[in-house]
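Input: a single structure, listed below in structure tokens.
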Amino acid sequence: MRSPLKPTAAAVCGTLVLGAALTGCGGVSRADAREITVYSADGLRGERGDGFYDRVFKDYEKKTGIKINLVESGSGAAVQRLVREKANTKADIVVTLPPFVQQAAGKGLLEPYRPKGSEQVAAADKDPDGRWTAVVNNYFCFIYNKQRLQQPPRTWQDLTDARFKNKLQYSTPGVAGDGTAVVVQALHDFGGQGPAMEFLKKLQANNVGPASSTGQLAPKTDKGELLVANGDVQMNYANMKSMPNQGIFFPAARPGAKPSTFALPYAAGLVRNAPHTAQAKKFLDHLLSPEVQKQVSAVGGGFAARTDIRPTDRNATELAKIMDGVDIFRPDWNDIDKNLSTYLDAWKAATGS
């Protein structure tokens with residue numbers, strides 16, 4: 001039974017409060033504290049405590065004594081939080097998806113640092129100025145309830161069918177990385193802003209409404225509350241252990257067309273004026289070490305960021321099957337970063353959001 005008594009000073013000092021200086025607890029300064037804080041897009045922590053972050057954080061603390069404090073949110077929300085805290089930085093590392101990692105770099109929120117092993121990361125998956133580097137590769141996808149649907153929708157147009165009314169939801173563009181990916185994919189598949197927004201306006205008739213985080217949608221889809229939602233391959237494949245009713249699919253632009261997707265890596269950057277810069281750099285090195293990169297598929301259900309790591313574990317084999325027959329295109333992230341507000345405004349106007 002929890003005691004109603006006020007905690008002692010010792011108990012308070014033993015409890016971490018994010019962003020709080022520890023100078024009052026035995027004279028330990030923030031610089032010397034054995035901890036780092038990571039702001040991250042959701043998806044890498046397991047629902048049962050058995051995900052990529054769970055394993056890596058636990059092993060790292062055991063190895064170094066450094067505690068890692070995780071703060072999860074949507075990709076856009078993570079960057080917005082860094083902006084709000086710019087005068088009093090609390091995070092050491094941010095892990096977020098494109099185009100938000102480019103946005104963070106453009107806002108001057110990231111300190112250049114090239115982790116050990118980043119030379120093995122493809123040029124397209126890291127910033128040329130060293131402000132961010134992919135640590136887990138990933139791809140945009142949709143999910144469906146396999147119990148309620150015999151097969152997934154084949155095309156985008158299929159998603160507008162009346163059977164999906166109030167049974168379809170995608171996370172909010174501009175807030176969630178995967179939600180923004182819906183807009184990026186639509187721009188590609190429909191051939192530009194005009195036709196993409198025209199379709200998303202039509203799709204809005206079936207859309208449940210806003211969702212700040214894509215991770216909220218997988219449990220709803222697994223339970224049948226939703227029939228279709230957006231997601232990403234790593235997150236949805238990894239949580240199939242606890243949510244077995246969800247299936248991954250990629251809708252084609254039109255009947256007879258080949259489905260396509262694009263890389264949506266979890267990219268990590270060192271936060272400018274981070275409280276624990278030296279410790280954060282060491283952890284970034286660790287994330288790109290061969291031992292951790294081999295765990296990306298085996299533990300996390302994702303794709304290694306290092307090109308010299310070619311895993312052969314069961315998850316890697318199954319992931320290859322999921323991606324078989326799907327075209328991979330490369331978005332113009334510079335254009336998307338430059339014009340993101342324009343695309344988001346157009347989406348809001350089209351959907352009434």
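The values are calculated or read from the model by the stated rules, or taken from the named source; none is laboratory data. Every value quoted in this text rests on a predicted model; they were computed, and no experiment measured them. Cβ coordinates were reconstructed from backbone atoms using ideal geometry, including for glycine residues, and neighbour counts include every protein chain displayed.
A few notes on this one:
- Just one of the listed residues (Gln185, Gln234) is outside the structural domain of Gly301 (by TED's automatic domain parsing), under 21 Å from Gly76 (Cβ atoms), more than 14 Å from the chain's Cα centre (by Cα) and in contact (Cβ under 8 Å) with a residue 24 or more places away in the chain, namely Gln185.
- For the range 42-153, the helices (runs of 4 or more DSSP H) that sit wholly inside it and include 2 or more residues that are more than 30 Å from Leu227 (Cβ to Cβ) and of a type in the set (Val, Ile, Thr) are 52-64, 75-84.
- Unique match (being touching a helix residue (DSSP H, G or I) at 6+ places or on another chain (Cβ under 8 Å), farther than 30 Å from Leu226 by Cα and not β-branched (Val, Ile, Thr)) among Leu284, Leu270: Leu270
- No other residue among Ala105, Ala91, Ala123 is hydrophobic (A, V, I, L, M, F, W, C) and without any contact (Cβ under 8 Å) to a residue 40 or more places away in the chain apart from Ala123.
- Against the criterion of being surrounded by fewer than 20 Cβ atoms within 10 Å (Cβ to Cβ) and in contact with a His (Cβ under 9 Å, 6 or more places away or on another chain), Ala162 does not qualify.
- Considering the conditions (1) touching a helix residue (DSSP H, G or I) at 6+ places or on another chain (Cβ under 8 Å); (2) modelled with pLDDT under 95, Lys241 is excluded by exactly one of them, (1).
- One residue stands out in the range 123-159 among those that are touching a Lys or Arg at 6+ places or on another chain (Cβ under 9 Å) and exposed (fewer than 15 other Cβ atoms within 10 Å of the Cβ): the one that is modelled with the lowest pLDDT, namely Ala124.
- Of the listed requirements (1) in a helix (DSSP H, G or I); (2) under 18 Å from Lys167 (Cα atoms), Ser212 misses just one: (1).
- Residue check, Gly191 farther than 30 Å from Asp308 by Cβ, among the small types (Gly, Ala, Ser) and modelled with pLDDT under 95: no
- Ala268 meets the conditions (1) under 13 Å from Val56 (Cβ atoms); (2) small (Gly, Ala, Ser); (3) assigned to a loop (DSSP other than H, G, I, E, B) in every case but one. The failed one is (3).
- Taking the criterion of being within 17 Å of the chain's Cα centre (by Cα) and either in a loop (DSSP other than H, G, I, E, B) or closer than 13 Å to Tyr113 by Cβ (or both), the residues of the range 289-304 that qualify are Val299, Gly300, Gly301, Gly302.
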